[in-house]
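Encoded as structure tokens, the structure appears first; notes follow it.
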Amino acid sequence: MNFIDEAKQIHILGIGGISLSALAVILLKQGKKVTGYDSAISPITQSLQAKGIKVVNQLDTNLIDQADIVVYTSALAKNDVQLEHAIKQGKIILSRSELLGELTKKYFTISIAGSHGKTTASSMIGYMFFLAKKDPVIHVGGIMKNFGSNVRCGKGKFFITEACEYKDSFLSLESDVGVVLNEDPDHLDYFKTKENYYKSFEKFAKNTKKSGVLVVNYDDPFSRRLKSRNVLSYALKSKADVQARNVCSKNGVICFELFYLDLNFGLFKLNMIGLHNVYNALAAIAVGIACGIGLDLIKQSLWQFAGVERRLEYIGKVKGGVVLHDYAHHPDEIIATIKAVKQNFQGRLICVFQPHTFSRTRDLYYEFCRCFACCDEVWLLPIYSAREKPIPKITSKFLAKGVSKYNKTVRYFSNFEKCHAFINKIAQKDVVFLIMGAGDVSLLAYRFKK
């Protein structure tokens, strides 16, 4: 029995975050009394309150005093008053990643890491295990449409989770099956160099148990270098254990022939678009094979997988024009999303983008400038700061100057209201509005939901 089992009450600072809110629900289902603090009331905190979790948005030291364990989000300042109070009271204090690491120790843990695709791949794998009657615990960073939630509290032995690399969070996990989808340098505000980023993934790979399996994308040049005792590879272009061939996309469905150890196992279909989702599906297939799930059931689960909110999500129409929304906030994600949209939707493509964090905009500035080249127009919104303070000269207007070198029509909107009004003004048939970003730009996108 570990100290999580022994704890009766747990207080969470930053409980409104999508990952911590999911962990709060898991703890509640395990019989813990859970309380939390978040700076703002949101649909997530309201949902937690409806489940019986007390959430406050003002300092309440009594809740800290009553708790056996205090958990905090990485976005919290080191000198936070509540965190300092917990330290003075001698409480057991865990970061979000440490809590996740402790929770997963009792389970057969499947951890999905990568710069992009973690939420979709984790959700695919989670639904596959659900359909296989494994009754898994599923913990992801988005709303799984098959479950209408970012968490599922099963009673089986499997715990399926995203493994986030930011601040080396995923190094708290010891995986029975570790998955690396890709390695495109990100979070350089923390890692500083690309080399440090790659080294962190090497450490994650080494955290796969000796009896476990490491699932690796062999089309990613950095991921394929990762070593483990048992490696199961997947790819579209490279020689690999699990391969997709003869990929085609039509009418919102993507199909491919699956080859495992060079044997053809027939046609697999996804109710999704985009080549990046084929990679996600191959990762899910490899995990299923590693865990003994039959290919027929894997095929069924992929076809029935309904996707994740904010991942190439069809929102609706405005005056005949199509509105789509995607979480893309890294240049490689943006390029992949734009390609998928252009392959499946006809018409003039207008990309509406909210940059996410000042440091990412600065560190990947030239990549951001080039990644919109295939759009007909690019509209930029103010940078979503998230955990950061502004950086001098790093603004969306500055980004617009760079983007204009590769795209002739670039507009800047100072707020959602002006952008919303302009969409309504120019919307017409054969215009596709692709609204992208990991911040609160979803508030703009969902205004068009019917």
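Condition check: among the charged types (D, E, K, R), assigned to a strand (DSSP E or B) and surrounded by fewer than 16 Cβ atoms within 10 Å (Cβ to Cβ). Does Lys339 satisfy that?
For Lys339, the condition - among the charged types (D, E, K, R), assigned to a strand (DSSP E or B) and surrounded by fewer than 16 Cβ atoms within 10 Å (Cβ to Cβ) - is not met.
If Val322 passes every condition in (1) surrounded by fewer than 22 Cβ atoms within 10 Å (Cβ to Cβ); (2) assigned to a strand (DSSP E or B); (3) of a type outside the set (S, T, N, Q) but one, which one does it miss?
(1)
When the residues of the range 342-360 are filtered to those that are closer than 27 Å to Tyr197 by Cβ and not basic (Lys, Arg), which remaining residue is surrounded by the fewest Cβ atoms within 10 Å (Cβ to Cβ)?
This residue is Ser359.
Using the structure shown, decide if Tyr260 is in contact (Cβ under 8 Å) with a residue 12 or more places away in the chain, crowded, with 22+ Cβ neighbours inside 10 Å and either touching a strand residue (DSSP E or B) at 6+ places or on another chain (Cβ under 6 Å) or not polar (S, T, N, Q) (or both).
In short, no.
Could you tell me which of the residues Ser233, Ser238, Ser249 is part of a loop (DSSP other than H, G, I, E, B) and either of a type in the set (S, T, N, Q) or in contact with a strand residue (DSSP E or B) (Cβ under 6 Å, 6 or more places away or on another chain) (or both)?
Just one listed residue meets the conditions, Ser238.
Could you please find all residues in the range 222-275 being more than 21 Å from Ala290 (Cβ to Cβ), of a type in the set (A, V, I, L, M, F, W, C) and in contact with a Cys (Cβ under 8 Å, 6 or more places away or on another chain)?
Selection gives Val247, Cys248, Ile254, Cys255, Leu267.
Restricting to the range 59-109, what's the tally of residues that are among the small types (Gly, Ala, Ser), more than 20 Å from Ile138 (Cα to Cα) and surrounded by fewer than 20 Cβ atoms within 10 Å (Cβ to Cβ)?
Total satisfying the criteria: 4.
Is it the case that some residue within the range 133-145 is over 22 Å from the mean Cα position of the chain (by Cα), modelled with pLDDT under 95 and surrounded by fewer than 17 Cβ atoms within 10 Å (Cβ to Cβ)?
The answer is no; no qualifying residue exists.
Based on this model, can you work out whether Leu302 counts as touching a helix residue (DSSP H, G or I) at 6+ places or on another chain (Cβ under 6 Å), over 30 Å from Thr361 (Cα atoms), surrounded by 23 or more Cβ atoms within 10 Å (Cβ to Cβ) and of a type in the set (A, V, I, L, M, F, W, C)?
Against the criterion (touching a helix residue (DSSP H, G or I) at 6+ places or on another chain (Cβ under 6 Å), over 30 Å from Thr361 (Cα atoms), surrounded by 23 or more Cβ atoms within 10 Å (Cβ to Cβ) and of a type in the set (A, V, I, L, M, F, W, C)), Leu302 qualifies.
Does Lys317 satisfy the condition of being outside any helix (DSSP H, G or I) and either assigned by TED's automatic domain parsing to the domain that holds Tyr190 or closer than 23 Å to Ser442 by Cα (or both)?
Taking the combined requirement at face value, the residue satisfies it.
Among the residues of the range 267-277, what is the count of those that are in contact (Cβ under 8 Å) with a residue 24 or more places away in the chain and either over 26 Å from the mean Cα position of the chain (by Cα) or crowded, with 20+ Cβ neighbours inside 10 Å (or both)?
7
Is there any pair with a first residue in the range 396-416 that is β-branched (Val, Ile, Thr) and a second that is surrounded by fewer than 18 Cβ atoms within 10 Å (Cβ to Cβ) and part of a helix (DSSP H, G or I) whose Cβ atoms are under 8 Å apart and which are 6 or more apart or on different chains, and what are they?
That search, which allows pairs on different chains as well, returns Val410/Ala400.
This table checks each residue for (1) touching a helix residue (DSSP H, G or I) at 6+ places or on another chain (Cβ under 6 Å); (2) at pLDDT below 95; (3) under 24 Å from Thr337 (Cβ atoms).
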| position | (1), (2), (3) |
| --- | --- |
| Val213 | yes, no, no |
| Arg225 | no, yes, no |
| Arg229 | no, yes, no |
| Ser233 | no, no, no |
| Ala244 | yes, no, yes |
| Ser249 | yes, yes, yes |
| Cys255 | no, no, yes |
| Lys269 | yes, no, yes |
| Gly274 | yes, yes, yes |
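Among the listed residues Lys192, Lys199, identify the single one that is loosely packed, with under 14 Cβ neighbours inside 10 Å, among the basic types (Lys, Arg) and on the phi > 0 side of the Ramachandran plot.
Testing whether each residue is loosely packed, with under 14 Cβ neighbours inside 10 Å, among the basic types (Lys, Arg) and on the phi > 0 side of the Ramachandran plot leaves just Lys192.
Determine whether the range 34-45 contains at least one residue that is closer than 25 Å to Pro136 by Cβ and in contact (Cβ under 8 Å) with a residue 40 or more places away in the chain.
No; the residues of the range 34-45 include none that is closer than 25 Å to Pro136 by Cβ and in contact (Cβ under 8 Å) with a residue 40 or more places away in the chain.
Exactly one of (1) more than 19 Å from the chain's Cα centre (by Cα); (2) not in a helix (DSSP H, G or I) is unmet by Arg311. Its number?
It is condition (1) that Arg311 fails.
For the range 146-168, which residues satisfy the criterion of being on the phi < 0 side of the Ramachandran plot and either more than 14 Å from the chain's Cα centre (by Cα) or assigned to a loop (DSSP other than H, G, I, E, B) (or both)?
Asn146, Phe147, Arg152, Cys153, Gly154, Lys155, Gly156, Lys157, Phe158, Phe159, Cys164, Glu165
Filter the range 361-393 down to residues that are part of a helix (DSSP H, G or I) and without any contact (Cβ under 8 Å) to a residue 60 or more places away in the chain and give me whichever is surrounded by the fewest Cβ atoms within 10 Å (Cβ to Cβ).
Among them, the one singled out is Tyr366.
The values are calculated or read from the model by the stated rules, or taken from the named source; none is laboratory data. Keep in mind the model is a prediction, meaning the values are calculated, not measured. Methodologically, a virtual Cβ is constructed for each residue, glycine included, from the backbone with ideal geometry; neighbour enumeration extends over all protein chains shown.
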